[in-house]
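The structure appears right after this line, and notes come after that.
The values are calculated or read from the model by the stated rules, or taken from the named source; none is laboratory data. A quick note: this is a predicted structure, and the numbers were derived from the prediction, not measured. Here the Cβ positions follow ideal geometry from the backbone for every residue, glycine too, while neighbour counts run over all protein chains shown. Side chains are part of the model used for accessible areas, which takes the heavy atoms of the whole protein and leaves out ligands, DNA and RNA. Shrake-Rupley method; radii C 1.70, N 1.55, O 1.52, S 1.80 Å.
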Amino acid sequence: MAAADRARLGVGMVGYSFMGAAHSHAWRTAPRFFDLPMRTEMTAVAGRNREKVTAAAERLGWESAETDWRRLLERDDIDLVDICTPGSTHAEIAIAALDAGKHVLCEKPLANSVAEAEQMVAAADRAARRGVHAMVGFTYRRVPAIQLARQLVVDGRIGEIRHVRAQYLQDWLSDPSTPLNWRLDKDKAGSGALGDIGAHVVDLTQFVTGELLTGVAGMLETFVSERPVATEFSGLSGSGGAETGPVTVDDAAVFFGRMSGGAMATYEATRYAAGRKNAIRIEINGSAGSLAFDFEDMNVLHFYDASESATTAGFRRIVVTEPEHRYIGAWWPAGHGLGYEHAFTHQVVDLVGALADGADPAPSFADGLDVQRVLDAVERSAAEQHRWIKLP
Ligand code: SOE
């Protein structure tokens, strides 16, 4: 589309560390590889420390820097606020931004509690009536192999779903000297592995199956309850000194549930799976076949078609890098593969596409609330001797 025919979309981002860098990369890259229907501009980044936010703006490609996120709401050249800060700040920023008429992209999990998430959904509903839209950043939906998995389910290729098996395995905390950081602080993060990575597999399984969890029971564990206070921390690693402090969140979560179509579902989320770096493993078994995915081999989807002759039937390893696969046509020749950052770029592409159409982007804040209710139910179940908790 010709530049002059496209409406401008000024973006203001809050936060600039790991997630902020991933989102910045996406805002920079999306218009270079995809024919976006709006002219996106990286207008401003906000953070509390002037020196650091100015350096981040320079490094990540933002035109200006602000030391208070509220300034993004006052600026006429900003149309969308992208929230990349810890969960404790999501509700306040998102509600204020939507009420100020700015579209919102908010990192996951949507909030730190169901009550906050409900207020965010109410704000998103109010805003939608004025043509202002909100989306939550469950980025892994935008991995091409996950899109193919969803399509195969929609096309009935695995039939009626009976089992959903999901794991999100990392190991960055298995060393007890890894220092405290905001992800281990309940006041900031809301919960630990459960909300940080368990939320992703809850969303992914609900997205791929097109079903919701109707009830769950589970348990949580904190293996290391005291850690060094960080003297420096970046990404998921850092160092600390002799001073220690408490870990106030779960290190690992295990739970099971029932999907709305009747399938049995099991989940595991941990930061202690030594050797597993970012293994999002999902297997779905249906009456007509199965699907299996592992993010550590993210360009591949395994598909078993039960209608094939028993003599040759077997899991087929589909390399999801053909131009026919979702998003791939904009990238490299077949077989050249994508990485972690591409899902963030696809998130921008889908968000901008929806905004240009005046449509509500997915996943919506309501989808984020569905996940939040599952997280809350798992916490309650764990606190109440693994009691079965029904979901609305
Ligand atoms: C840390 O566990 C983390 O950065 C998550 O917060 C992200 O959502 C996930 O994409 C990678 O791991």
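Suppose the filter is of a type in the set (S, T, N, Q) and in contact with a His (Cβ under 9 Å, 6 or more places away or on another chain); does THR270 pass it? No; evaluated as a whole, the condition is false for this residue. Counting only strands (runs of 3 or more DSSP E) that sit completely within segment 141-249, those holding 2 or more residues that are surrounded by 19 or more Cβ atoms within 10 Å (Cβ to Cβ) and either β-branched (Val, Ile, Thr) or at positive phi (or both) correspond to 161-169.
This table checks each residue for (1) of a type in the set (A, V, I, L, M, F, W, C); (2) under 20 Å from PHE256 (Cα atoms).
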{"site": "GLY314", "(1), (2)": "no, no"}
{"site": "LEU351", "(1), (2)": "yes, no"}
{"site": "GLN372", "(1), (2)": "no, yes"}
{"site": "VAL378", "(1), (2)": "yes, yes"}
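Considering the conditions (1) within 30 Å of THR29 (Cα to Cα); (2) exposed (fewer than 15 other Cβ atoms within 10 Å of the Cβ); (3) in contact (Cβ under 8 Å) with a residue 60 or more places away in the chain, SER287 is excluded by exactly one of them, (1). If the condition is being within 14 Å of SER88 (Cβ to Cβ) and either more than 12 Å from the ligand (Cβ to nearest atom) or among the β-branched types (Val, Ile, Thr) (or both), then segment 177-189 contributes ASP185, LYS186, ASP187, LYS188. One residue alone among ALA2, ALA91, ALA7, ALA97 is more than 16 Å from the ligand (Cβ to nearest atom), more than 25 Å from ALA128 (Cβ to Cβ) and either aliphatic (A, V, I, L, M) or modelled with pLDDT under 95 (or both), and that residue is ALA2. May I ask you to say which residue of LEU375, LEU351, LEU355 is within 16 Å of the ligand (Cβ to nearest atom), under 20 Å from the mean Cα position of the chain (by Cα), open to solvent by less than 70 Å² (accessible area, probe 1.4 Å) and of a type in the set (A, V, I, L, M, F, W, C)? Testing whether each residue is within 16 Å of the ligand (Cβ to nearest atom), under 20 Å from the mean Cα position of the chain (by Cα), open to solvent by less than 70 Å² (accessible area, probe 1.4 Å) and of a type in the set (A, V, I, L, M, F, W, C) leaves just LEU375. Of all residues in segment 304-326, those satisfying the criterion of being open to solvent by less than 50 Å² (accessible area, probe 1.4 Å), aliphatic (A, V, I, L, M) and within 25 Å of the chain's Cα centre (by Cα) are ILE318, VAL320.
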